[in-house]
1. Out of the residues in the stretch 166-201 that are basic (Lys, Arg) and either part of a loop (DSSP other than H, G, I, E, B) or in contact (Cβ under 8 Å) with a residue 24 or more places away in the chain (or both), which is surrounded by the fewest Cβ atoms within 10 Å (Cβ to Cβ)?
2. State the number of residues belonging to the stretch 150-165 that are of a type in the set (Phe, Trp, Tyr) and either touching a Cys at 6+ places or on another chain (Cβ under 7 Å) or assigned to a helix (DSSP H, G or I) (or both).
3. Starting from the stretch 44-61, keep only residues that are in the same structural domain as PHE31 (by TED's automatic domain parsing), then list their pairs with residues that are in a loop (DSSP other than H, G, I, E, B) whose Cβ atoms are within a distance under 6 Å, requiring at least 6 positions of separation or different chains.
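The values are calculated or read from the model by the stated rules, or taken from the named source; none is laboratory data. Keep in mind that this is a model prediction, so the values were computed, not measured. Note that each Cβ is placed from the backbone with ideal geometry, even for glycine, and that neighbours are counted across all protein chains shown.
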Amino acid sequence: MREGIRVLLSNTDDIEVIHLAGSKEEVETIFSKEYVDVVLLDVDIENVNPIELMRTLKKQYSNVKVVLMTSELNEKHIFDGVSAGADAFVQKNLDTQNLIRMIHDVYNGQQLFSGEVAKLLASRIRNFSYSEEDFLEYKLRTKDIQLSKRERDVAFLMMKSYNNQQIADKLKLTEGTVKNYISTIYAKMNMNKRQDVKDFLLYLTEY
């Protein structure tokens, strides 16, 4: 598939295919040597977590655009990809002219999703409403802050100004266990004050 895309795109005047990569290590090597505008990332690539790879690229190279490509509609990949900052999500059977047009549009700053992917997103949006806890989880993931379910529960209650004993009562935990969770939250968020965590979470969930 990769070689086929190279052939198709190489015949386009204003697109240069720099390299093909089949592993995370190859991608990192390419980025260390070349300036890359747009990455076509196969979500079905073996032995690689494509969402984590995209997060890494976006974090290290803020201007890079990432187009995720899939052979089948996997809801988890699609929603994880969107929340992690994918610039486009397309199916591999997208015809050549539409793929080329999408690459141009993404390069110019647009966020695009091909037909069936767009339909799935629209359907889920119509039938799904975020709870405050769900929204907090989503916003934390956009900042690449990975909290466990219980850590998110504690963080949410911290945001709501619960003290340690109130959190313990609410979640049916001991106060000591709550303190341990809070210590982990501090470490993962690179903070050491409760008010800083609360202020950050409130800011994060305002938008």
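1. Only one residue fits best here, namely LYS172.
2. 1
3. Cβ pairs passing all conditions: ASP44/SER71; PRO50/VAL43; ILE51/ALA84; MET54/ALA84; ARG55/ALA84; ARG55/ASP144; LEU57/VAL64; LYS58/GLY85.
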